[in-house]
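Every number in this text was worked out from the coordinates using simple rules, so none of it is lab data. Everything numeric in this text was worked out from a predicted model, so none of it was measured. Cβ: placed from backbone, ideal geometry, glycine included. Neighbour counts: every protein chain shown.
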Amino acid sequence: MRILGIDPGLRVTGFGIIDKTGHTLTYVTSGVIKTADADLPSRLNTIFSGISTLISQHNPDQAAIEKVFVNVNPQSTLLLGQARGAAICGLVASGVPVAEYTALQLKQAVVGYGRATKEQMQQMVVRLLSLSGVPSTDAADALGMAICHAHGGTGLAALGGIAPGLAKKGLRVRRGRLIG
């Protein structure tokens with residue numbers, strides 16, 4: 001199964017694609033869709049078109065995207081929601097089923113700690129996918145979203161303290177820190 005993970009943003013939307021075969025996760029590609037400083041409709045179209053292009057190039061079977069949280073600044077929340085909507089429209093228009101996870105669920109499933117930092121997320125994505133380099137924070141979050149979905153979004157809750165893929169790699173999370 002091929003999974004497209006998306007970390008929505010109006011300026012930078014992260015994407016990550018992985019393949020899941022049995023219990024094995026394989027990195028396919030990742031990166032970002034950057035929007036120019038233009039009017040809002042043009043930026044939303046860039047996101048929609050970018051997602052549509054990714055789908056036509058990589059044919060994902062499923063997608064996962066981060067749910068919007070209510071920010072202190074309502075204007076930021078509304079703009080993020082619109083960027084997220086453009087990405088979802090790209091997925092739905094191409095017939096790709098979409099799952100949604102909160103940032104807490106994402107971090108819990110990938111790192112094993114719901115308040116993990118961006119750096120911890122990057123480190124776990126590198127380890128779980130055996131990457132040679134560190135992806136940008138937006139791409140790492142998107143890859144994490146795909147990993148979260150590949151494991152059913154369950155993470156530590158289903159595995160009694162060991163996040164998906166950690167035991168196999170000799171890694172554990174203790175007090176929110178990756179050890180191993």
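Summary table
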item	result
Beta bridge orientation in the stretch 1-127: antiparallel %, DSSP, nearest 5	65
Straight-distance crosslink candidates among aspartates and glutamates, where the alpha carbon sits under 20 Å from Lys118 and sequence neighbours closer than 8 are dropped	Asp7, Glu66, Glu100, Asp138, Asp141
Simple label model, 7 Å out from Cα along Cβ direction - Leu131 to Lys34, nm	1.7
Packing-based exposure ordering (other Cβ within 10 Å, fewest first) of Glu100, Glu119, Glu66	Glu119, Glu100, Glu66
Contact order normalised by residue count of the stretch 1-86, Cα under 8 Å, 6+ apart, percent	35
Qualifying chymotrypsin sites (Phe, Trp or Tyr not before Pro) in the stretch 1-63, DSSP loop, other Cβ atoms within 10 Å at most 16	none
Qualifying trypsin sites (Lys or Arg not before Pro) in the stretch 39-140, DSSP loop, other Cβ atoms within 10 Å at most 15	Lys67, Arg115
